[in-house]
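Here's the structure we're looking at; comments come further down.
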Amino acid sequence: MNKLIIVSAPSGAGKTTLVKELMQEEELKLMFSISAASRKPRENEINGKDYHFLSVDNFKEKIKNDEFIEWEEVYNNQFYGTLKSEVKRVWNLNKNLIFDVDVKGGLNIKKTFPENSISIFIKPPSIEELKKRLQKRGTETEESFKKRIEKAKFEMTFANEFDVTITNDNLKKAIDEIKKVVGNFILKQEL
Ligand code: ADP
Ligand code: 5GP
């Protein structure tokens, strides 16, 4: 049976970095679930690869048409969601799906697929360190930086509801840990 790997974390905790590393492991047969998002692409992001970038109106149209497995207004007027068509696409390729979603979305996907999913929460070592990482990444305006930090504090309170928590302090250690957890989940249960 195909497996679902759900990775959630406050923005800036290092989720994208860890997911990219994990995807290098060919034996895990992972494919990234490309979400739909109504925000503008960042400079290095490609439409259809990082996200399906949609206008707010287009996103709302898809909500109305019941095209999402889950969606959230993660930030004010910024919608993100997992399209049913995306999950079908990857399952038809016989791959395991990896999701990079917000905390609520992650817990919802876990509830929808309790048997074959694992939910992983990536924790920053502290809010101070999270601030530093977001500043260093340099992708946020002052306003969106503040929004993300406020939300991060709230999201941290959900860590206990996930199957596994990984603290991303030393990057190499966190990479080893996530590879071990996901490797065990995908490979051991296939025997
Ligand atoms: P997220 O996807 O959770 O928003 P990113 O993967 O984009 O986070 O990471 C945020 C920033 O922090 C990036 O600039 C990344 O290079 C950096 N980063 C990730 N992990 C670590 C770590 N363990 N130590 C220091 N910096 C890190
Ligand atoms: P960013 O703008 O930094 O790419 O993402 C902001 C937040 O939206 C992150 O926490 C990210 O995990 C989340 N997100 C991305 N895609 C989805 C999705 O399909 N569903 C939900 N619920 N959240 C998502």
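Please state which of the following conditions Lys104 fails to meet, knowing it meets all the rest: (1) within 15 Å of ligand 2 (Cβ to nearest atom); (2) open to solvent by 90 Å² or more (accessible area, probe 1.4 Å); (3) over 22 Å from Ala37 (Cα atoms); (4) in contact with a strand residue (DSSP E or B) (Cβ under 9 Å, 6 or more places away or on another chain).
(3)
Looking at segment 167-188, which of its residues are free of Cβ contacts under 8 Å to residues at least 60 places away in the same chain and not in a loop (DSSP other than H, G, I, E, B)?
Result: Thr167, Lys172, Lys173, Asp176, Glu177, Lys180, Asn184, Lys188.
Can Ser38 be described as small (Gly, Ala, Ser) and open to solvent by 40 Å² or more (accessible area, probe 1.4 Å)?
It is false that Ser38 is small (Gly, Ala, Ser) and open to solvent by 40 Å² or more (accessible area, probe 1.4 Å).
Can you name the number of the only condition in (1) touching a strand residue (DSSP E or B) at 6+ places or on another chain (Cβ under 9 Å); (2) open to solvent by less than 50 Å² (accessible area, probe 1.4 Å); (3) over 30 Å from Lys88 (Cβ atoms) that Glu177 fails?
(2)
So, Glu67, is that one touching a helix residue (DSSP H, G or I) at 6+ places or on another chain (Cβ under 7 Å), over 30 Å from Lys172 (Cβ atoms) and surrounded by fewer than 21 Cβ atoms within 10 Å (Cβ to Cβ) or not?
Criteria met by Glu67.
Looking at Asn168, Asn96, Asn160, which is the one that is more than 16 Å from ligand 2 (Cβ to nearest atom), in contact with a strand residue (DSSP E or B) (Cβ under 6 Å, 6 or more places away or on another chain) and of a type outside the set (Gly, Ala, Ser)?
Asn96
Go through segment 1-107 and tell me which helices (runs of 4 or more DSSP H), entirely inside it, have 1 or more residues that are touching a residue at least 24 places away in the same chain (Cβ under 8 Å) and under 15 Å from the mean Cα position of the chain (by Cα).
Working: elements: 15-23, 56-64, 84-92.
Output list reads 15-23, 84-92.
Out of the residues in segment 115-156 meeting the condition of being part of a loop (DSSP other than H, G, I, E, B) and away from ligand 2 (no atom under 15 Å from the Cβ), tell me which one is least open to solvent (accessible area, probe 1.4 Å).
Asn116
Applying the selection to segment 3-35, what residues are touching a Phe, Trp or Tyr at 6+ places or on another chain (Cβ under 7 Å) and open to solvent by 30 Å² or more (accessible area, probe 1.4 Å)?
Of everything in segment 3-35, just one residue is touching a Phe, Trp or Tyr at 6+ places or on another chain (Cβ under 7 Å) and open to solvent by 30 Å² or more (accessible area, probe 1.4 Å), namely Met23.
Could you figure out which of (1) touching a Pro at 6+ places or on another chain (Cβ under 6 Å); (2) modelled with pLDDT under 95 isn't true of Thr141?
Failing condition for Thr141: (1).
Go through (1) more than 14 Å from ligand 2 (Cβ to nearest atom); (2) open to solvent by 40 Å² or more (accessible area, probe 1.4 Å) and name the single condition Ile186 misses.
(2)
The values are calculated or read from the model by the stated rules, or taken from the named source; none is laboratory data. These figures come from a predicted structure and were not determined experimentally. Here Cβ is always computed from backbone atoms with ideal geometry, including for glycine, and neighbour counts include all displayed protein chains. Ligands, DNA and RNA are excluded from the accessible area calculation, which covers all protein heavy atoms including side chains. Shrake-Rupley method; radii C 1.70, N 1.55, O 1.52, S 1.80 Å.
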